[in-house]
Amino acid sequence: MTKTTRRVRPRLPWALLAVPAAAGVPAGILWWILAPGGLNLITRDPALGAGTNPLVWLPRDLTLAGLLVFAGCLLAVFLADKKRRDPQADLLMGLAGALCGAVLAWQAGLLSAQLWGPDVDASANASIAFSLRALPVLLLWPAATAVSVFVLELMRLLGRKDNGRKDDGGADSSRPVGVGPVK
């Protein structure tokens, strides 16, 4: 009887795709709750509560941008963990999940406005209704994730000596701990 050796492929980290994507739904609801033109909990200014005021449109987009950048930095902390078996696959799945999460956040915010917001006549301009005017904002979650992972990995690598040990700030590692300088 002959044993056949099967090549075992590592499993893709589907959780790193699903969790950020699912996190987009509460992020979108939070966007509608906080943003001017939505419930407007950040400013609580009645003048910024309606989408008919063009001064609302930029802060509304920036609110989503801030939430997506925060989510990207938070995801990067998990992706930069040095105990990962396949960090490249984890990063790619995390970035794909971040992009899906950003799109879901956008759509969840729009749905929240339709379900719980007042009826809006957007015949004069589509931006009067709760919307996102700058679609490139959706790229901020994966971009913030990628940049943050890069910075965290760079800081981790710069904190090590050439021999792989962690840099202790210049202390002489040849002497035992607790022994003072030689006179």
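The values are calculated or read from the model by the stated rules, or taken from the named source; none is laboratory data. Note that this is a predicted model, so its numbers are computed, not measured. Cβ placement follows ideal geometry from the backbone for every residue including glycine, while neighbour counts extend to all protein chains displayed. Only protein heavy atoms, including side chains, enter the accessible area calculation; ligands, DNA and RNA are left aside. Shrake-Rupley method; radii C 1.70, N 1.55, O 1.52, S 1.80 Å.
Worth a mention:
- Efficiency of FRET between residue 58 and residue 115 - r from beta-carbon atoms, R0 22 angstrom, step 0.05: 0.35
- Per residue value of the accessible surface for the range 77-133 (all protein chains in place, 1.4 Å probe), Å²: 61 Å²
- Contour minus Cα-Cα distance for residue 124 and residue 96 (0.36 nm per residue): 6.5 nm
- Treating r as the C-beta distance of residue 89 and residue 160 and R0 as 30 Å, the FRET efficiency rounds to 0.80.
- Relative contact order of the range 22-63, taken over Cα pairs closer than 8 Å and 6 or more residues apart, is 31 percent.
- Contour excess over end-to-end distance, with Cα ends at residue 103 and residue 44 and 0.36 nm allotted per residue: 18.6 nm
- The fraction of accessible area contributed by carbon and sulfur in the range 58-99 is 71 percent, rounded to a whole number (1.4 Å probe; ligands and nucleic acids excluded).
- Cα gyration tensor of the range 38-129 - equivalent ellipsoid semi-axes, whole Å, descending: 35, 14, 10
- In this label model, residue 19 and residue 135 are separated by 3.1 nm, measuring between points 7 Å along each Cα→Cβ vector.
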